[in-house]
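We did not get these values from a lab; they are worked out from the coordinates using the rules stated. Since the structure is predicted, the reported quantities are computational estimates derived from the model, not experimental observations. Every residue, glycine as well, gets a Cβ built from its backbone with ideal geometry; the counts of neighbours run over all protein chains shown.
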Amino acid sequence: MKGFFILLCWLFFSTSFAQGNKSENIILVTLDGFRWQELFNGADSLLIFDSKYTHDSSSVNLYWHPSPETRREQLMPFLWSVVGNKGQLYGNREYKNVVNCANPYWFSYPGYSEMLTGWVNKKMSSNRKVVNPNPNILEYINQQPAYEKKVAAFSTWEVIPYVIRASTNGIYTNEDAQWSDCDSLKKTNPAPRSDESTFTMAFDYLKSYKPKVMFLSLDGTDHHAHGGRYSEYLDYAHLADSMISELWNWVQSQENYHDKTTLLITTDHGRGRNKSWKTHGRWAFGSNQMWFAVIGPDTPPSGEIKSPGRYYQKQLARTIGSFLELNYDHPVNPIADRIEQMFYPRTTIVVAH
């Protein structure tokens, strides 16, 4: 159905997806534990003016403004000046536009597993370094002839290779970077991990090997939030936005990526509200609350979505596949699937370009 495109890139498809997409490449970026509150409203006044959490007073000058719209643009200039004008952003609950985790745990491993496998396996209930028993969208793409050995993942959190089963499916990760024959990667020390080194390795790999699908997982926001360092939490969100901007600008300058690449940005979980912002999980209310952003040749420039809607993290996997016109669907028990659909129905939203 040429001329039809995905409007909401979060949704499971109950019918056939659009044909004639322009996307040939996918870049997925995650900001671990970054709240929707900061994305849509900028710095939180209850935290940025509290010396218990904001240790660097310069953060007020950098990130504070009475207007939420100005605050969010100061914090995440790329997301609001580029994605906000040429893409779409979901999850501003002030407009009843809701994005949630479907898993009941609300922390990292279950979140990334849900995000990439497309379903909730309640047995995945810890952050231990255990190889995920469930196949995922990255390896499904890697199995397609046109994408074989053209999928890569780079992560600050060392558990991600276990989530995506890199040891069994051969997806390239930054665990492999020290054995790369790429000179720029040889010069990059993969340890200790930081978002800066993760990004450098990912960007070097992108420029040298031109993968068609890349997953970049950043962790600085979650790390500093757990430490109660709100200044650094904001700094690393701002840094992530800058990295994504650099990545996207380069992509748009390359013939094999320009107007052929969809960029998706999201998080693995939310965080508690107000003074509970440092933590997440079942006992921190709001930790299941997420957000989602997308920009690319098949995404109409709707900007911030202000219409009511409810979407789930698990819908990302099949959406990634749909951009590449691959019908990814995780095989699940029919009875369990029927029960799951009662609470998390599959829907498709498609609009004419």
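Things to note:
- Highest mean packing comes first when the peptides 268-274, 289-295, 237-243, 122-128 are listed by Cβ atoms within 10 Å, giving 289-295, 268-274, 237-243, 122-128.
- Each listed q (0.12, 0.16, 0.20 Å⁻¹) maps to a log10 I(q)/I(0) for segment 32-150, found by the Debye formula over equal Cα scatterers with no solvent: -0.67, -0.97, -1.09.
- Peptides 130-139, 299-308 ordered by average Cβ neighbours within 10 Å, highest first: 130-139, 299-308
- For the listed peptides 33-40, 207-214, 104-111, a ranking on the average number of other beta carbons within 10 Å per residue, highest first, reads 33-40, 104-111, 207-214.
- Reachable lysines from LYS123, criterion Cα separation under 20 angstrom, eight or more residues apart if same chain: LYS314
- The alpha-carbon atoms of segment 22-345 define a convex hull whose volume equals 132 cubic angstrom per residue.
- Förster-model FRET efficiency, 35 Å R0, GLN144 and THR279, C-beta, rounded to 0.05: 0.30
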